[in-house]
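Enquirer: One structure is given below, represented as structure tokens, and several questions about it will come after.
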């Protein structure tokens with residue numbers, strides 16, 4: 001699965017949605033993005049911006065689903081925005097070395 005690292009300090013927060021859309025249009029298959037980990041503050045602005053943008057993009061039907069790597073060890077309730085995606089796509093990333101990494105977001109086309 002291809003990894004894009006431009007969201008880890010190379011893209012302005014305000015441009016993340018625009019850059020994600022470019023990638024989604026050009027990608028033919030699922031991919032993952034590397035975002036900030038938020039290790040200093042416990043909160044990654046780039047990751048939150050990417051997740052907000054992906055929620056909008058999913059509503060528009062441009063992607064089938066997405067979830068951050070840390071959902072690997074989480075029991076999700078049906079109210080979680082990642083619940084359906086995890087059920088549907090977890091098998092495809094289960095053996096991925098980044099599954100479980102809280103700086104990664106998996107995106108499914």
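Enquirer: When you go through (1) touching a residue at least 24 places away in the same chain (Cβ under 8 Å); (2) surrounded by 13 or more Cβ atoms within 10 Å (Cβ to Cβ); (3) part of a helix (DSSP H, G or I) one by one for residue 7, which number turns out not to apply?
Expert: Answer for residue 7: the failing condition is (3).
Enquirer: On to the next question. Can you name every residue in the range 41-67 that is more than 16 Å from residue 6 (Cα to Cα) and touching a residue at least 24 places away in the same chain (Cβ under 8 Å)?
Expert: 52, 55, 56, 57, 62, 63, 64, 65, 66, 67, listed by residue number.
Enquirer: Separate question: Determine which member of the set 70, 19 is under 18 Å from residue 6 (Cβ atoms), free of Cβ contacts under 8 Å to residues at least 60 places away in the same chain and surrounded by 15 or more Cβ atoms within 10 Å (Cβ to Cβ).
Expert: Matching residue, one of 70, 19: 19.
Enquirer: Let me ask something else about it. Of all residues in the range 25-60, how many are assigned to a helix (DSSP H, G or I) and either surrounded by fewer than 15 Cβ atoms within 10 Å (Cβ to Cβ) or more than 12 Å from the chain's Cα centre (by Cα) (or both)?
Expert: Of the residues in that region, 7 qualify.
Enquirer: Can you pull out every residue in the range 61-70 that is part of a loop (DSSP other than H, G, I, E, B) and either modelled with pLDDT under 95 or touching a helix residue (DSSP H, G or I) at 6+ places or on another chain (Cβ under 6 Å) (or both)?
Expert: Result: 62, 63.
Enquirer: What are the residues in the range 73-109 that are assigned to a loop (DSSP other than H, G, I, E, B) and either surrounded by 15 or more Cβ atoms within 10 Å (Cβ to Cβ) or within 14 Å of the chain's Cα centre (by Cα) (or both), if any?
Expert: Across the range 73-109, the qualifying residues are 76, 81, 82, 96, 98, 99, 100, 101, 102, 103, 109.
The values are calculated or read from the model by the stated rules, or taken from the named source; none is laboratory data. All figures in this text were calculated on a predicted structure; none of them were measured in a lab. When we count neighbours, we look across all protein chains shown, and the Cβ atoms used for this are built from the backbone with ideal geometry, even at glycine.
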